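A short worksheet on the structure shown next.
The values are calculated or read from the model by the stated rules, or taken from the named source; none is laboratory data. Quick caveat: nothing in here was measured; it's all calculated off a predicted structure. For neighbour counting, all protein chains shown are included, and Cβ atoms are generated from backbone atoms with ideal geometry for every residue, glycine included. Keep in mind that these areas ignore ligands, DNA and RNA; they rest on the heavy atoms of the full protein, side chains included. Shrake-Rupley method; radii C 1.70, N 1.55, O 1.52, S 1.80 Å.
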Amino acid sequence: MKKKLIKVHPDDNVAVALSDLRAGETVTFEEQDIEVVSDTKAKHKIALGDLAEGDRILMYGVLVGKASEAIPEGGLLTTENVRHQSSKVSEKTGTTPWKVPDISRWKERTFMGYPREDGQAGTANIWL
């Protein structure tokens, strides 16, 4: 049976659709039957439980937003029912040793990031 949802981190209360899901379809995920509330395209997020207005939305194990209105279990997360919110990045979280790769073929490339005060690069992390 093909997996239809994935949760990025064990603490997440939303899951990512791995394929298009149809309203009324029942998906079994982590031994829980979830009825999909509305058509959901692959890569979009659904609630793994009922969320009340103001409830925290966790993805990647961190706060990514708050429900701006009630979202039922199996409900699609949208820009209308979620208000982006995140904890402020206050310091570097760790250092991982690595060997510098050859990046010469990308030397003239850029990306839409911004420089952080500590010299690291940041991105907007638009996930919704």
Quiz item: Do we have any residue at all in segment 93-109 that's within 30 Å of VAL27 (Cα to Cα) and open to solvent by less than 100 Å² (accessible area, probe 1.4 Å)?
Solution: no
Exercise. Specify the residue that is farthest from VAL62 (Cα to Cα); the eligible residues are those in segment 110-128 that are open to solvent by 80 Å² or more (accessible area, probe 1.4 Å) and at pLDDT 75 or above.
Key: THR110
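Any residue at all in segment 111-127 that is assigned to a strand (DSSP E or B), touching a residue at least 40 places away in the same chain (Cβ under 8 Å) and within 21 Å of ILE6 (Cα to Cα)?
In the first step, residues of segment 111-127 are kept if they are assigned to a strand (DSSP E or B); the result is 114-115, 121-122.
When the remaining residues are screened for being touching a residue at least 40 places away in the same chain (Cβ under 8 Å), the result is none.
No, every residue in segment 111-127 fails to be assigned to a strand (DSSP E or B), touching a residue at least 40 places away in the same chain (Cβ under 8 Å) and within 21 Å of ILE6 (Cα to Cα).
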Exercise. Name the residue, out of VAL8, VAL16, that is in contact with a strand residue (DSSP E or B) (Cβ under 9 Å, 6 or more places away or on another chain), open to solvent by 60 Å² or more (accessible area, probe 1.4 Å), closer than 22 Å to THR123 by Cα and not small (Gly, Ala, Ser).
Key: VAL8
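Confirm whether SER86 is surrounded by fewer than 15 Cβ atoms within 10 Å (Cβ to Cβ), under 24 Å from ARG116 (Cβ atoms), in contact with a Leu (Cβ under 9 Å, 6 or more places away or on another chain) and of a type in the set (S, T, N, Q). Working first, answer last.
Details: surrounded by fewer than 15 Cβ atoms within 10 Å (Cβ to Cβ): yes; under 24 Å from ARG116 (Cβ atoms): yes; in contact with a Leu (Cβ under 9 Å, 6 or more places away or on another chain): yes; of a type in the set (S, T, N, Q): yes.
The answer is yes for SER86.
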Exercise. For residues that are outside any strand (DSSP E or B) and under 15 Å from GLY54 (Cβ atoms), tally how many sit in segment 78-110.
Key: 2
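If I go through segment 32-74 residue by residue, how many of them are part of a loop (DSSP other than H, G, I, E, B) and buried (at least 21 other Cβ atoms within 10 Å of the Cβ)?
2
In the set LEU77, LEU48, which member is touching a residue at least 12 places away in the same chain (Cβ under 8 Å) and either among the basic types (Lys, Arg) or within 15 Å of LYS4 (Cβ to Cβ) (or both)?
Working: LEU77 fails: either among the basic types (Lys, Arg) or within 15 Å of LYS4 (Cβ to Cβ) (or both).
Checking each option against the conditions leaves just LEU48.
Go through segment 68-90 and give me each residue that's touching a Lys or Arg at 6+ places or on another chain (Cβ under 8 Å) and more than 21 Å from GLU30 (Cβ to Cβ).
Pass one, segment 68-90, residues touching a Lys or Arg at 6+ places or on another chain (Cβ under 8 Å): 68, 76-77, 82-83, 85, 89.
Those that are touching a Lys or Arg at 6+ places or on another chain (Cβ under 8 Å) and more than 21 Å from GLU30 (Cβ to Cβ): SER68, VAL82, ARG83, GLN85, VAL89.
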